[in-house]
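Data block below; observations after.
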Amino acid sequence: MMALLAITIFYSSCKSKKVVAPPAPEPVAAAPAPAPAPAPVVKDTDNDGIPDDKDECPEEKGTAASKGCPEAVAQVFNYKNIQFEFNSSVLKTSSYVALDEIARMMKTKPEAKFQLNGHSSAEGTEQRNMMLSVDRANAVKAYLVNNGIKSSNLITKGFGESSPLVSNDTEDGRAKNRRVEVKPM
């Protein structure tokens, strides 16, 4: 019997044992992502895309280039009383009042640049009218420089008869086409 007991113990000890896996850990719920901080409230009163704290004109729509203010519209100074002697670039004395006003306006912005565009009527040859328009623009420039405007702030250009304001069919129309326009740059 002993032998039987020994064999039973021997065989029972040789049986393969089941390997029991340890229990799987309970899944841990991921912590919810923290809510993003609320975006700072950016006030833009005029809805131009530039926050009021950086907008120099917060109640008027503007552009970033002008720091939130409206863009300045380039104004053409077409003074009708800037007149020249016939077929000449000599200013008539009646033009001085308008030129003095232009010089006063330019002095308010001493670093601003201006283009002086000379024009002529269609009388005479195209070549003569081009030369005359350049000379007229230079005459206006000389007047303004003599009134305290920096020469380097004034650029002259002649257009001859290429840009009439009105028809050249009448003397009144031709007189209106003999002009110098002042444009901020």
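The values are calculated or read from the model by the stated rules, or taken from the named source; none is laboratory data. Since we're looking at a predicted model, the values are computed, not measured. Positions of Cβ are backbone-derived with ideal geometry, glycine not excepted, and every protein chain shown enters the neighbour counts. Areas reflect the complete protein model, heavy atoms only, side chains present, ligands, DNA and RNA absent. Shrake-Rupley method; radii C 1.70, N 1.55, O 1.52, S 1.80 Å.
Annotations
- Close Cβ contacts (under 6 Å, 6 or more residues apart or on different chains) running from residues in region 163-185 that are under 20 Å from residue 153 (Cα atoms) to residues that are among the β-branched types (Val, Ile, Thr) and open to solvent by 40 Å² or more (accessible area, probe 1.4 Å) comprise 181/76; 183/76.
- Residue in region 96-150 that is nearest to the chain's Cα centre (by Cα), counting only those that are among the polar types (S, T, N, Q) and open to solvent by 60 Å² or more (accessible area, probe 1.4 Å): 108
- Residues that are closer than 29 Å to residue 112 by Cβ, open to solvent by 60 Å² or more (accessible area, probe 1.4 Å) and out of contact with any strand residue (DSSP E or B) (no Cβ under 6 Å at 6 or more places or on another chain) within region 152-174 comprise 152, 162, 164, 165, listed in sequence order.
- Looking only at region 46-98, and only at residues there that are under 17 Å from residue 133 (Cβ atoms) and of a type in the set (Phe, Trp, Tyr), the one that is modelled with the highest pLDDT: 84
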